[in-house]
């Protein structure tokens, strides 16, 4: 059984996919639906969120180019536990369930996929459960930087944009919007700038030093 390198896995999946375009605020995955496959973000950004029985919204994650979404429900054979919504004009590729599972089995990718899911869960626990709010926010922003660099094969010198409102960032970190606005303002000298509906992030050692605090 031969294990494929990461780039070959992605190429195989994309060749077997159906591409779709989504407008901002359009739902790609609906909470409660049965899984039909996994989605690969080809272009754009999405947010993952769920609502409880009375309509309270919890933002679980932000995802971007080359991220694979929808694996947990598929592998666990359960209904979708969250919505996935386009944050901007986005192109995504649907890999049918059978195709994805067959590729995993043929090339022995189970441990790699489960490891990636575990890493994402660990990141979420740091961002949403740490005791230092500013460090948690900095950690989230550096992870956005690092994932974009991985997707593009290099660390980007210019700003990376996270499409999110302050309200959604607050829902993700469990803090009020005004606290998020204040902390983003304080991160101005660490390479962070805000505009309406987006946060611009420049790789900066001060930002990374603050992010490391929450990992200790």
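Rule-based calculations on the coordinates, nothing more; no lab input. On a predicted model such as this, the values are computed, not experimentally measured, just so you know. Here Cβ is always computed from backbone atoms with ideal geometry, including for glycine, and neighbour counts include all displayed protein chains.
Sort 100, 19 by Cβ crowding within 10 Å, fewest neighbours at the top.
Details: 100 26, 19 12.
Ordered from fewest to most neighbouring Cβ atoms within 10 Å, 100, 19 come out as 19, 100.
Mind jotting down the distance between the C-alpha centroids of the stretch 69-145 and the stretch 159-173, whole Å?
After rounding, the separation between the Cα centres reads 17 Å.
Quick one: order 22, 139 by neighbouring beta-carbon count within 10 Å, fewest to most. Write down the numbers at each step before the final one.
Details: 22 19, 139 23.
Ranked by crowding around the Cβ, least crowded first: 22, 139.
Sort 126, 28, 117 by Cβ crowding within 10 Å, fewest neighbours at the top. Provide the component values of the computation, followed by the final result.
On the way: 126 17, 28 20, 117 14.
Exposure proxy ranking, most exposed first: 117, 126, 28.
So what is Rg over Rh here for the stretch 6-119, counting just Cα atoms and using Kirkwood for Rh?
Working: Rg = 13.8 Å, Rh = 14.4 Å.
Rg/Rh: 0.96.
In nm, what is the difference between 0.36 nm times the number of residues separating residue 36 and residue 167 and their Cα-Cα distance?
Numbers: separation 131, 0.36 × 131 = 47.16 nm, distance 3.10 nm.
Using 0.36 nm per residue and subtracting the Cα-Cα distance, I get 44.1 nm.
Quick check on the stretch 130-213: take the gyration tensor over C-alpha atoms, sort the square-rooted eigenvalues as a ≥ b ≥ c, and tell me if it's rounded (a/c under 1.5), prolate or oblate.
On the way: a/c = 1.67, a/b = 1.39, b/c = 1.20.
Because a/c hits 1.5 or more and a/b exceeds b/c, the stretch 130-213 counts as prolate.
Would you mind telling me which residue in 90, 17, 118 has the biggest mean-square fluctuation in a Gaussian network model of the chain, where springs connect alpha carbons within a distance under 10 angstrom?
Taking springs between Cα atoms under 10 Å, the residue moving most is 118.
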